[in-house]
Amino acid sequence: MNCDKNLNIGSGTANPEPNPSRRRWTRTIPILVCILLNFLYCGGKEGTDPLGIAAIIASQTGIAPDPGEAFSGGYGTRFISNPTSFDTPVVNMSSDGIQFNTGNNFFNRAWVAEGNSASAGLGPTFNTSSCQNCHAGDGRGAPPDSGTLFNSVGILIRLSKVGVSDPTTGGPVGLDSFGLQLNHKGIGCVTPLAYDSNFDCTGSTGPNFTPPEGNASVSYTGATVVRNYTSGGTVTLNTPVYSFSWNVNFGGAPSSFNFSPRTAPMIPGLGLLEAIPESTILGWADPTDSDSDGVSGKVNMVWDAKNHKKVLGRFGWKANEPSLFQQNQGAFLGDIGITSPLFSTDNCPSTQTQCLAAASGTADPEITASIAESVNFYTKLVAVPARRNLSDPDVIDGKVLFSSIKCDACHKPLVLTGNVPGLPELSYQYIKPYTDLLLHDMGPELADGRPDFDADGQEWRTPPLWGLGLIQEVNGHLKLMHDGRANGIEEAILWHGGEADTARTGFQNLSLTDRQKLIKFLESL
Amino acid sequence: MRNIHTKIFSILFSMTLFSSLISCAGPGSDNSAAAALLGLDIPASATKPQFLNRYAALAFESYTQAELDASNLSAAVDTFDSNTNPSASDLTNLRNLWVKARASYLITEGFRFSNGPIDNDTVLQCDGTECEGLLNAWPLDEDAVDNYIANGGNSVTSFASILAKIGDTSLGGEADPQADKIVMTGYHPIEYLLWGKDTSNTTAGVRPASDFADATTNGARRRHYLKTITNRLAVHLGLIKDQWDPAQTGNFRETFLDSANVNTSVGNIFQGLGSFMAGEWGGERLTGVIGETQEEEHSCFSDTTKADFYYDAQGVLNIWTGNYSIQKGVNISSGPGLSALLSFKQQGAIQSEIESSRNLFCINLSDTESADPNFTSSCASGSLTHRFDQAISSADSQHGILVNVQRLIGSTLNRDFVAAAAAIGFSVAP
């Protein structure tokens with residue numbers, strides 16, 4: 001058994017064929033020349049066949065355009081499977097690494113409270129003090145087994161008003177007193193030495209001390225979902241239930257609100273996802289399900305804060321962020337309380353007088369454009385780990401099953417990136433992200449009921465699956481889905497609903513052996 | 001032993017000669033080509049066990065000096081604590097002793113990341129936790145230290161009570177089980193207490209001695225806190241030193257030198273130094289060069305950040321050459337360094353790169369660095385003579401020196417080091 005068999009499996013008609021031979025490219029060169037001419041004369045407009053471009057590059061460089069199935073992240077793929085698997089630069093890094101190292105250092109940096117001398121700007125309210133606290137080892141966050149989120153790492157709560165969206169941006173509107181995110185930490189009180197049950201800093205002696213906005217707790221004592229297998233056996237899924245306590249200083253409990261728990265996603269490959277051409281994503285979209293396959297796929301048009309217009313969203317659990325530039329600076333502000341060139345005002349709603357008073361402790365923006373850019377560069381160039389166990393017959397069978405039950409309708413197994421100016425590392429790479437970056441209705445059981453731009457309360461973006469099999473190794477858990485409710489891959493599959501009903505029932509109809517093979521394939525990613 | 005020394009001398013001599021040859025050849029010259037031209041390739045001059053013995057001795061000597069200097073500071077702080085109204089010169093005396101203690105500690109930083117006692121808590125724990133974080137964590141939350149002193153009552157004299165406060169959100173930082181916690185101990189809190197906040201880029205912090213007077217609010221508590229954490233700093237350094245002490249049994253040194261562990265020990269040293277270059281010395285410490293904000297200065301209270309780079313380089317150079325040196329050009333002891341495991345052709349330009357990255361920092365600030373072992377008023381042309389918190393800005397005429405040194409350490413030196421390790425079969429991951 002060799003890897004080649006696995007290489008050639010699973011490329012449905014909708015996908016370009018992986019690893020084509022050199023001879024095939026040679027035969028198509030006359031056509032490619034036409035494409036090249038078209039490309040040059042039309043200034044590279046969208047719609048130019050990306051396969052053709054890859055072929056031209058291949059013919060000029062003498063390298064095969066797709067280095068093979070193991071190379072999940074194209075030529076940048078890093079062959080390393082240990083706790084550092086998500087935390088290495090792409091292998092094909094063309095720069096000297098200084099900017100990558102700098103970005104990495106800021107990613108790992110523990111920020112301290114506003115008003116300090118060095119690395120200051122944390123808060124006044126925040127969720128955690130550094131990027132890596134939630135993205136440990138550049139990997140995935142998880143909810144606590146139960147109870148308070150206060151000391152848990154890697155999950156936060158998005159908030160918004162019910163039934164309203166911003167007339168300009170089309171996005172959700174934050175709560176008057178708490179904003180768009182529950183910051184369950186504040187830069188502290190002087191006395192007493194702990195907050196009281198109302199999060200009140202009674203006796204606080206200075207303006208530089210801000211209590212948290214509140215706290216959330218989770219339990220798994222709510223409704224259950226029972227999934228049966230045709231071949232026998234059932235799995236019971238526990239639905240998380242969240243409860244909240246609110247700071248009376250900031251107005252106490254809101255009368256109504258939407259919320260969405262979000263775990264921290266892994267970092268590897270984000271630059272490659274950003275490099276997927278819009279035309280490719282739009283080509284997958286089928287919002288009206290015109291092919292009647294039960295799977296639609298919708299683009300989320302979201303607000304680009306830099307250019308003040310609506311653009312295609314691709315990051316976040318609801319594809320609600322258009323770019324890493326905006327995603328990263330949004331996280332600096334929303335999660336850590338650090339102001340940046342893009343979001344230069346501290347995150348203090350007008351009712352939070354203590355927060356507003358403390359916010360002047362460090363001049364805004366607290367990070368410079370070059371720091372923001374180095375973190376941006378870093379998040380673009382973290383390598384995707386290679387696939388493993390490719391020649392295992394079960395893994396090969398598992399990949400066939402993945403396609404045959406139509407998981408690949410959304411989890412796209414092979415994608416070609418476009419041109420990224422200045423970053424050849426990310427350009428024209430065949431990647432295996434297993435996502436279409438589109439929104440899909442995932443049914444009522446997974447719903448958060450919180451619309452986010454064009455995504456309704458039941459819609460979620462297909463998450464990439466690359467690296468899935470190494471999360472346990474890196475992060476010591478395998479809590480999956482947007483809120484980490486699924487314990488492992490099997491539960492994650494069984495949580496799928498809505499448009500994914502067909503694929504999920506396909507899984508339920510498989511024999512135990514085939515289900516195990518499919519999971520073994522997913523673990524090889 | 002005599003033979004080894006002679007051999008090292010000849011290699012060092014020829015390396016010096018070689019360095020001058022390649023520097024004359026100008027940019028683009030290829031070391032191996034030059035060596036081939038000269039017909040030179042002196043074989044490795046030490047075995048791995050010989051090198052490891054020297055490394056262990058160097059570690060012991062380095063931590064012994066660091067502990068000694070910290071103890072001298074600690075003893076002076078004890079006297080300071082007993083004075084209800086310390087004078088400006090009492091405070092200056094402490095600052096000078098801190099500068100010396102800091103220099104000898106920084107020289108030990110090359111031993112980090114190598115699975116040794118400094119930062120591997122399965123080898124050694126200081127008060128129940130990994131040692132390095134208690135000694136040298138950064139950035140400091142000054143409010144947390146101030147709040148603890150203001151609220152700590154009599155408990156400020158107990159190290160255990162200070163330790164228990166690490167992670168207490170009420171002090172100003174956050175409690176996070178997996179992350180760096182509030183920095184309450186080590187060189188930087190001591191530095192903060194001695195100098196105070198630095199809000200200027202023309203001076204260091206200007207805390208008055210009266211901040212420590214009994215008549216001042218929290219003055220006595222501030223002295224007690226300073227005493228408690230300085231005493232403990234010396235104790236922790238002693239614990240690390242003991243792990244390298246040849247007179248003790250059952251310590252890390254024994255495992256490290258065990259004949260069964262030779263390749264593991266050498267591999268850990270290569271990996272550790274590689275991580276130190278790319279991640280810490282040429283990475284973390286120099287991030288301000290790209291960030292360009294004064295807040296990125298590490299020793300920001302004392303404005304002694306240039307010394308951080310200088311002695312980090314000296315520490316790496318010591319491990320590379322096998323010489324223990326603090327003052328430039330003065331070797332206190334010698335033996336086979338890491339370079340002795342490599343043949344002449346495999347050395348690359350590593351030694352000259354380390355020396356260049358050291359010499360780019362001139363220790364010339366008379367207000368804060370006059371007690372430094374390498375303080376000088378005559379700086380080599382092209383070296384960084386400005387204050388670090390000024391040069392960190394691209395508007396400063398010497399900013400380019402910092403950019404170049406970051407590239408030299410984090411990129412050129414690191415690349416050459418990885419190649420040298422690979423030449424004798426050790427892989428250094430990024």
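The values are calculated or read from the model by the stated rules, or taken from the named source; none is laboratory data. Only a predicted model underlies this, so the values are computations on that prediction, with no experimental measurement involved. Heads up, the Cβs are rebuilt from the backbone with ideal geometry, glycines too, and the neighbour counts pull from every protein chain shown. The protein model used for the area step is the full one, side chains on, heavy atoms only, and it has no ligands, DNA or RNA in it. Shrake-Rupley method; radii C 1.70, N 1.55, O 1.52, S 1.80 Å.
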(message) Could you compute how much accessible area chains A and B hide from each other, both sides summed, with a 1.4 Å probe? Nearest 100 Å² is fine.
(response) 3400
(request) Work out from phi, with θ = phi - 60° and the Karplus expression 6.51 cos²θ - 1.76 cosθ + 1.60, the ³J(HN,Hα) of each residue of the stretch B:411-419, listed in order in whole Hz, and give x for Gly and Pro. (result) 10, 4, 4, 4, 5, 5, 5, 4, 5
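Let me check I have the definition right: for the stretch A:340-460, take the eigenvalues of the Cα gyration tensor, multiply each by 5, take square roots. What are those semi-axes in whole Å, largest first?
One finds semi-axes of 40, 25, 13 Å for the stretch A:340-460.
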(message) Using a probe radius of 1.4 Å on heavy atoms only, what accessible surface per residue do you get for the stretch B:210-361? Whole Å² is fine.
(response) 29
(request) For residue B:241, list the lysines whose Cα falls under 24 Å from its own Cα; do not include residues on the same chain fewer than 8 positions away. (result) B:48, B:100, B:227, B:328
(request) Starting from the amide H of residue A:115, placed 1.01 Å from N in the peptide plane, find each other amide H under 5 Å away whose residue is 5 or more places distant or on another chain. (result) A:121, A:362
(request) Shielding by partners for A:91-100, please: the mean number of other protein chain Cβ atoms within 10 Å of each residue's Cβ. (result) 4
(request) Read phi for every residue in the stretch B:93-106 and hand back ³J(HN,Hα) as whole Hz from Karplus 6.51 cos²θ - 1.76 cosθ + 1.60, θ = phi - 60°, with x for Gly and Pro. (result) 4, 5, 4, 5, 5, 5, 4, 5, 5, 5, 4, 6, 6, 4
(request) Provide Rg and Dmax in Å for the stretch B:81-133, with only Cα atoms included in the calculation. (result) 16.1, 45
(message) Over 10 Å intervals from 0, what percent of Cα-Cα pairs in the stretch B:235-324 sits in each interval?
(response) 14, 32, 34, 16, 4
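Efficiency by 1/(1 + (r/R0)^6): what FRET value for residue B:157 and residue B:370, r their Cβ-Cβ distance, R0 = 35 Å, to the nearest 0.05?
Computed FRET efficiency for residue B:157 and residue B:370 comes out at 0.65.
What FRET efficiency would be calculated for the residue pair residue A:516, residue B:247, taking the C-beta separation as r and a Förster radius of 60 Å, to the nearest 0.05?
In this case the efficiency is close to 0.55.
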(message) Restricting to DSSP H runs of at least four residues, report the calculated mean residue ellipticity at 222 nm for chain B, -39500 (n - 2.57) per run over all residues, nearest 500 deg cm²/dmol.
(response) -16000 deg cm²/dmol
(request) Evaluate the distance, in nm, between pseudo-label points positioned 7 Å from the Cα of residue B:202 and of residue B:263 along their respective Cα→Cβ axes. (result) 6.1
(request) Scan around residue A:318 for amide H atoms under 5 Å from its own, H built in the peptide plane at 1.01 Å from N, and keep only partners 5 or more places away or cross-chain. (result) A:461
(message) Just to check I understand the Karplus step: with θ = phi - 60° and J = 6.51 cos²θ - 1.76 cosθ + 1.60, what whole-Hz values come out for the stretch A:356-366, glycine and proline as x?
(response) 4, 5, 6, 5, 8, x, 9, 4, 9, x, 6
(request) Using Cα centres only, tell me the gap between the stretch B:110-125 and the stretch B:196-263 in whole Å. (result) 16
(message) Taking all protein chains in place and a 1.4 Å probe, what share, in percent, of the accessible surface of chain B do carbon and sulfur account for?
(response) 52
(request) Provide the FRET efficiency to the nearest 0.05 for the residue A:164-residue A:219 pair, computing r from the beta carbons and using R0 = 30 Å. (result) 0.55
(request) Using only atoms on other chains, find how many Cβ atoms lie within 10 Å of each Cβ of peptide B:136-142 and report the average. (result) 6
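Hey, can you find the accessible area per residue of the stretch A:256-347 for me, probe 1.4 Å, expressed in square angstrom?
Values: 3200 Å² over 92 residues.
Here the residues of the stretch A:256-347 average 35 Å² of exposed surface.
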(message) Based on the alpha carbons, how large is the Rg to Rh ratio for the stretch A:443-525 when Rh follows Kirkwood?
(response) 0.99
(request) Using only alpha carbons, build the gyration tensor for chain B and give me the equivalent ellipsoid semi-axes, biggest first, whole Å. (result) 38, 25, 19
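So, by mean Cβ neighbours within 10 angstrom, what's the order for A:414-423, A:325-334, B:315-324, A:346-355 with the highest one leading?
Result, highest mean Cβ count within 10 Å first: B:315-324, A:325-334, A:346-355, A:414-423.
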